[in-house]
Amino acid sequence: MKLDLHTHSAASDGVLPPGALLARALEAGVELLSITDHDTLAAYDAIGGAGAHGDLRLVPGIELTAQWRGQVVHVLGYGFDATRGALRAGIADQHARRAARAQAIGDRLARKGIAGAYEGALALAGDGCIGRPHFARHLVAVGAVRSVDEAFTSYLSDRATAAAATRWADLDEAIAWIVADGGQAVLAHPAKYGCTHTRLRELLADFVAAGGTGLEVLCGRQPPDAFAMLTALCRRFGLEASAGSDFHAPESWRAAPGLVPDLPDDIPALWARWVAGYG
Ligand code: AMP
Ligand code: MN
Ligand code: MN
Ligand code: MN
């Protein structure tokens, strides 16, 4: 079956409004979808909640920004009941952090001679939860850089000067919000943290100890050997496997219009609980 458990709408740093994202997924034949915006549930508020949308089933989702041992990691949450309020309370703090960081990034860019970036990024974010991609798109639009990639390399990467240090939720806090609302916590794109394998195992040990139960074994474009490495980690830590494209914008959609994951028989699929008759 075709599914996608990792996508972004304009409620965070995606380009399509939530309704357009849903329509595009339906058109692509996706049967199970989750919109996992960064630190916000606004997409679900905009389209009237999770559940059946035509032939597509929409599962509640979010991608939380968290910190672990001085490093930023992303925690996906699924299948929660947001009316319980733990996630909503938690993301209110994340929004305040994002707002403060955006001002700090704007100030630093201004000191480097790029005025008005804060206002520009805010305008691009609109009602959405502001993030570095909004700054990157603004820097491209005003000709300060040639590409989003260059914006990150020169101004916005964690190492680059404009990336203001932010104290995000701790890993165990982020997991606790998801679990308190009855959801499953999944570690996003583990191959993208630049960790050694030893450090990744330490991260997963802490992740499991804090209540995490899933690992994203397929995410967008990843190195060809990542899948085998990540399914082996599912086995070792008793984790369910998740899969998604990390879709942000239509140009990249073609690379991953939903996916049809093929897991080894002994690896439990996170999505089985939402799909009658799967596995
Ligand atoms: P933020 O949530 O504000 O910290 O921004 C992180 C987001 O920026 C990620 O979810 C990606 O969508 C995007 N991003 C991170 N690094 C890069 C990069 N090098 N080039 C393009 N986009 C990136
Ligand atoms: Mn993003
Ligand atoms: Mn991410
Ligand atoms: Mn993502």
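A few comments on the model shown:
- Note on segment 179-279: along the principal axes its Cα atoms extend 37, 35, 29 Å, ordered by decreasing extent.
- Signed unit charges on C-beta, dipole axis of segment 39-88, positive-most listed residue Q67, Y44, Y78: Q67
- Residues V72, V186, sorted by accessible area with the largest first, give V72, V186 [1.4 Å probe; ligands and nucleic acids excluded].
- Residue-span extension gain [Q103 to T196] - 0.36 nm each, minus C-alpha spacing: 30.2 nm
- Using only the C-alpha atoms, the convex hull of the chain corresponds to 121 Å³ per residue.
- Rounded, prolate or oblate (a/c below 1.5 giving rounded, otherwise prolate when a/b exceeds b/c) for segment 75-231 by Cα gyration tensor: oblate
- Cα-centred dipole magnitude for the chain, charges only on beta-carbon of K, R (+1) and D, E (-1), debye, nearest 20: 760 debye
- Assuming charge only on the beta carbon of Lys and Arg (+1) and of Asp and Glu (-1), the dipole of segment 1-118 about its Cα centre is about 580 debye to the nearest 20.
- Normalised by residue number, the volume inside the convex hull of the Cα atoms of segment 96-156 is 67 Å³ per residue.
- Packing rank of 112-120, 215-223, where each peptide gets the mean count of other beta carbons within 10 Å, highest leading: 215-223, 112-120
- Taking the protein heavy atoms of the chain in the context of the full set of protein chains, the accessible area attributed to carbon and sulfur is 52 percent at 1.4 Å.
- Between segment 20-39 and segment 137-180, the Cα center-to-center distance that results, in Å: 24 Å
- Dipole of the chain computed with +1 at Lys/Arg Cβ and -1 at Asp/Glu Cβ about the Cα centre; of V275, G90, A164, farthest Cα towards the positive end is A164.
- Accessible area (Å², 1.4 Å probe, nearest 10) - T7: 0 Å²
- Annotation: amide H-H contacts under 5 Å for E216 (H modelled 1.01 Å from N, sequence separation of 5 or more, or interchain): L187, H189, S242.
- In this Cβ point-charge picture (+1 for Lys and Arg, -1 for Asp and Glu), segment 96-156 has a dipole of about 200 debye about its Cα centre.
- Taken along the Cα-to-beta-carbon direction at a fixed 7 Å, the label points for S147 and A89 span 4.5 nm.
- Highest average packing first - 83-94, 16-27, Cβ atoms within 10 Å: 16-27, 83-94
- Restricting segment 59-93 to chymotrypsin sites (Phe, Trp or Tyr not before Pro) in coil, as DSSP defines it, with at most 14 other Cβ within 10 Å: none
The values are calculated or read from the model by the stated rules, or taken from the named source; none is laboratory data. Keep in mind the model is a prediction, meaning the values are calculated, not measured. Quick reminder, even Gly has a Cβ in these numbers, built from the backbone with ideal geometry, and neighbours come from all protein chains shown. Accessible surface areas use protein heavy atoms only, side chains included; no ligands, DNA or RNA. Shrake-Rupley method; radii C 1.70, N 1.55, O 1.52, S 1.80 Å.
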